[in-house]
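One structure is given below, encoded as structure tokens.
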Amino acid sequence: MTRSELYRRVWETSMRTLAPEFGMSDVALGKLCRSLNIPTPGVGYWARAAAGQSAPKRPLPVGEDVAFRMPEPVPAPTADRRTTYERAYAAVRKRAAAETPMPVAAMRDTLDGAPAIVLQTRKWFEDLAKAERRLEEERAQHMRQGGKGRWRPFFPDTVLPEKWCGRYRVDTKGALRLDATPARLDWILRFHDALIRALEGVGCHVSAVVGAGCWMEVAERGQSVKVAFAEDFEKLRDGEYRAAKTFRLKLGRRGTVFRNWRQTPEQFERELPAIVQAIQVTIRAQEEQAVLTAEFNRAEQVDRDAADALRRVQYVAEQAERRRAEARAAQTARAVKLADAQLRHEATMRVLADLADQAESGAGGDGIRVWLALAYAGLRSPAEDLAKELRRELANAGRPDWWPEGEP
């Protein structure tokens, strides 16, 4: 928008009606007009115009017809947009669920032919059990020998992993990511065997990344989600825990948890097909969710950009208003300075006049007159100097900053 176009708009429509079109208040629009030296209708203008009375229009002061960008109208509040986004994503999941058949999934009594990731987990716990037995035997032997001195493992590399709330967290390469105790390891491994075989049977790929905590990644069609499995625990006293009767399975992605199951082993066995289907539905909804998320983020960015633009406009307007106020206040000091200079100038002129009288009545008058000519040549009237400055300021494009509001 150009300066002349904004001038035309503010004289066609009241500021209160026009300002919301630009995503700002009438106060902010008034500040913007002042910063661009655009006159606006005064109090009572629109009432007189509505009554058919004469309402003179103040002309646009001469100045450069600069172009500037008005802030975009502020979109709907984020809360409403968030609700719309969540409803749209729920519809996507519902459609994906309708298009995804219930898979066949059942647990087996053995781990014959189990996925390598399950067998590697079993080996990790077997090695853990061997290390525990070795350390216990070494500790017992140390006690049989009198238990003198500090006991240390015979093999320095025999170190047990730390427990987290009474459970071990598997973090070795190629193994499942889970928090569990050896007591119910057989059921945990058979459950994951059935889960992974069912997922692979519908085209998914299951992998675990070292350092990802207890999360595993399930991928299909270029999209992925994460699955976390953990054995529940109960806290007995400080530093002591025991396994609970339930397990937890979480389905999420990038810090968002979509589903959270907390059930007994029997319930997990019954709902295993539904769990596999939920993982599939979540993965297949990711592509459309990515589009929805991108649209949501773009709308949020528009909000932020609009707010930033509005703040910049308001800042420019406030700075211009502050500059104008300071310029107006400075004119009083300017006048006082002129009065002081004018008094000194008049006193100087009186002294020089007295000196000229002396030159006429005594010797050396010619020399005094020469000196007076030089002195008079260097003197200027402060009022004349200020008048020249004011003419220069008024000759520039637009009105000077000190020009009173409401004056044409």
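Numerical summary
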| read-out | value |
| --- | --- |
| Residue in the stretch 161-168 that is over 19 Å from ALA114 (Cβ atoms), modelled with pLDDT of 85 or more and surrounded by fewer than 16 Cβ atoms within 10 Å (Cβ to Cβ) present | no |
| Some residue of the stretch 311-326 being among the aliphatic types (A, V, I, L, M) and closer than 25 Å to THR83 by Cβ | no |
| Lone qualifier among ARG270, ARG259 - being without any contact (Cβ under 8 Å) to a residue 60 or more places away in the chain and in contact with a helix residue (DSSP H, G or I) (Cβ under 6 Å, 6 or more places away or on another chain) | ARG259 |
| Qualifying positions in the stretch 284-314 - among the small types (Gly, Ala, Ser) and part of a helix (DSSP H, G or I) | ALA290, ALA294, ALA299, ALA306, ALA307, ALA309 |
| Selected residue (criterion: farthest from THR332 (Cα to Cα)) from residues of the stretch 349-374 that are of a type in the set (Gly, Ala, Ser) and surrounded by 13 or more Cβ atoms within 10 Å (Cβ to Cβ) | GLY365 |
| Boolean, ALA353 is at pLDDT 85 or above, under 60 Å from the mean Cα position of the chain (by Cα) and either not hydrophobic (A, V, I, L, M, F, W, C) or not assigned by TED's automatic domain parsing to the domain that holds VAL62 (or both) | no |
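The values are calculated or read from the model by the stated rules, or taken from the named source; none is laboratory data. Model, not experiment: these values are computed from the prediction. Note that each Cβ is placed from the backbone with ideal geometry, even for glycine, and that neighbours are counted across all protein chains shown.
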